[in-house]
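J.: This is the structure I have questions about; it appears just below.
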Amino acid sequence: MHKLFFVFSIGLAIHAQTIHVNPYGPANGDGSSGAPFNNIAAAVARANTIGGIPTILIDPGYYPISDTIKIEASMTLQGSEVLQVDPQGWPTGVVLSGERRLVGTSNVANKTMISVAKSGSVLYNVAIGGISFEGVAGTGSILDMARVQNASIRGNISKGTLSNPGINFLASSGEIRDNYMFQLLAGAFVSGGYTASPANVIYSSNRSVHGRVGLFLVGTSEGITDPGDHLNIVVQHNDLSNNTAGNSVGLRITIKGNEALGTAGLSAGYIQAAISSNNLTGNTTGISIDGGFVTRLKPDGTCDQRTFSGTMSLSFSGNTLSSTVRNSVVSLTPLQATLSQNFSAAQYLHHATFLIADSDHLFQNLTTIDHPVKDRYVGPPCPMDMTAEVLNNTLVINTLIPAKN
């Protein structure tokens, strides 16, 4: 085994003030080295107000989180954990020294632990690294980044209870590297951006295991109301294996986000992804490429009259794929509809294009393809579903795949 020692800085010629945190600091601490703050929230509140790119140095120890910590300015949140890594270079989840544990309490069971966002603005230069996060039973996420540019999430440990999202990286650009993610709803959700806050992402050398989804890519902005509809991402050298809770997936790539979480009501999305040298073994489904949250009814229960579409341009090379049930699903409707063969709640995409370059021929074996000529569902409650619509989608997996009902 090897060690990874993480120290972070943002390389800009801006004076950076250092703020210190120690769990045993005095109640009236001021963030100096001699009188550190005794909690993360106080340090972040200070960093939000002083300008520049301050660094919050977190000393080893246990830090309970009882409410959402809101990062609303440029800063670095820095621990210095030494993580054990295996011979493949992936973190094992073991902290060899310097553990900083940020642990959610029951008060944040259904809240985000760390939020990085400023309402109505784009943030720049936020780095979080060398810290261990532990979620609590509930639906709350561990870390949300929304509309952040030059972001870095590196060398952290995130553990949950299968209901916690790990990282929500929304309409943001930057790197997610060298993290260990365990037993999460998804290790990371990465969603599309827009002109003012694009989504250009490097996701590399992470290990996301024993959860529901190792990595979830979404073409539209999910969880925010900004009109993000483009995601450009490099996914390289990650361990996305052994995700087997329910209909779990190692890597899921979808056009449409979940509007119940808050979106701009977009009807189309675009994803360009280069996916290489990843371990996708031992999952219930290795890879799912599907329409996403394209439903016949809106969250308010009324018929959704929109036609959903989009484009994916995906390249796969050097990946290892072997799953417990099916290697892959390629579907022009939601994954769950294809697996259950119940299409009454799920729309199909229309006039969508999926271009998949598969140099390793991963999709030749144990692949489920759902690419019909016409919508498979005809019936109530929506008037537009009373006839079988022609879909006119295009699917290419190295060569053109004809549609068939």
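Please treat every number below as a calculation from the coordinates, not as lab data. Source: prediction; values computed, not measured. Here the Cβ positions follow ideal geometry from the backbone for every residue, glycine too, while neighbour counts run over all protein chains shown.
J.: Considering only DSSP beta bridges whose two residues both sit in segment 186-405, what percent are antiparallel, to the nearest 5? Could you put the intermediate results ahead of the total?
T.: On the way: 7 of 67 bridges.
In segment 186-405, approximately 10 percent of DSSP beta bridges are antiparallel ones.
J.: Of all DSSP beta bridges in the chain, what percent run antiparallel (nearest 5)?
T.: Bridges in the chain that DSSP calls antiparallel: roughly 10 percent.
J.: Can you check what the net charge comes to around F182, using other residues whose Cβ is under 9 Å from the Cβ of F182 (Lys, Arg +1; Asp, Glu -1)? Please list the in-between numbers first.
T.: Values: positive: K159, R207; negative: none.
Cβ neighbours under 9 Å give a net charge of +2.
J.: Classify segment 1-184 as rounded, prolate or oblate, taking a ≥ b ≥ c as the square roots of the eigenvalues of its Cα gyration tensor: rounded when a/c is under 1.5, otherwise prolate if a/b is larger than b/c and oblate if not. Before the final figure, lay out the partial values.
T.: Numbers: a/c = 1.21, a/b = 1.17, b/c = 1.03.
Here segment 1-184 falls in the rounded category.
J.: What does the charge add up to near E259, with Lys and Arg as +1, Asp and Glu as -1, over the other residues with Cβ less than 14 Å from its Cβ? Could the numbers behind the result be given before it?
T.: Details: positive: K256, R296, K298, R306; negative: E222, D226, D229, D300, D304.
Taking every other residue near E259 into account, the sum is -1.
J.: For R306 and N247, FRET efficiency with R0 = 35 Å and r from the beta-carbon atoms, rounded to 0.05? Provide the component values of the computation, followed by the final result.
T.: Values: r = 26 Å, r/R0 = 0.74.
About 0.85, to the nearest 0.05.
J.: Under the Kirkwood approximation applied to all pairs of distinct alpha-carbon atoms, what is the hydrodynamic radius of segment 186-405 in Å?
T.: On the way: mean 1/r = 0.0580 Å⁻¹.
Answer for segment 186-405: a Kirkwood hydrodynamic radius of 17.2 Å.
J.: Read phi for every residue in segment 354-361 and hand back ³J(HN,Hα) as whole Hz from Karplus 6.51 cos²θ - 1.76 cosθ + 1.60, θ = phi - 60°, with x for Gly and Pro.
T.: 10, 10, 10, 9, 10, 5, 9, 6
J.: Turning to a different aspect of this structure: Taking the Cα centroid of segment 66-103 and of segment 327-372, what is the distance between the two, rounded to the nearest whole Å?
T.: The distance from the Cα centre of segment 66-103 to that of segment 327-372 comes to 36 Å.
J.: Turning to a different aspect of this structure: Just from its helices, what would the mean residue ellipticity at 222 nm be for the chain, if runs of 4 or more DSSP H residues each count -39500 (n - 2.57) and the sum is divided by every residue, rounded to the nearest 500 deg cm²/dmol?
T.: Details: 2 runs with 14 residues, N = 405.
After summing the helix terms and dividing by the residues of the chain, the value is -1000 deg cm²/dmol.
J.: Please work out the C-alpha center-to-center distance from segment 105-133 to segment 219-277 and express it in whole Å.
T.: Taking the Cα centre of segment 219-277 as reference, the centre of segment 105-133 is 19 Å away.
J.: Continuing with this model, one more query. Could you list the chymotrypsin sites (Phe, Trp or Tyr not before Pro) in segment 302-405 that lie in coil according to DSSP, counting only those with at most 12 other Cβ atoms within 10 Å of their Cβ? Working shown, then result.
T.: Values: sites: F308, F316, F343, Y348, F354, F363, Y377; in loops: F308, F343, Y348, Y377.
Answer in residue order: no site qualifies.
J.: A follow-up question, please. Using θ = phi - 60° and the Karplus relation 6.51 cos²θ - 1.76 cosθ + 1.60, list the HN-Hα couplings for segment 224-233 in order, rounded to whole Hz, with x at every Gly or Pro.
T.: These are the phi-based 3J(HN,Hα) values: 9, 9, 7, x, x, 9, 9, 10, 10, 8 Hz.
J.: Still on this structure, I have one more. Can you pull the three principal axis extents for the Cα set of the chain, in Å, largest first?
T.: Cα extents, longest axis first: 72, 45, 40 Å.
J.: Same structure again: Which one, S158, I58, N243, is farthest towards the positive end of the dipole of the chain when Lys and Arg carry +1 and Asp and Glu -1 on their Cβ?
T.: Ranked along the dipole, the leading option is N243.
J.: State the answer as a single residue: which of G214, T195, V136 lies farthest towards the positive end of the charge dipole of the chain, with beta carbon charges of +1 for Lys and Arg and -1 for Asp and Glu, about the Cα centre.
T.: V136
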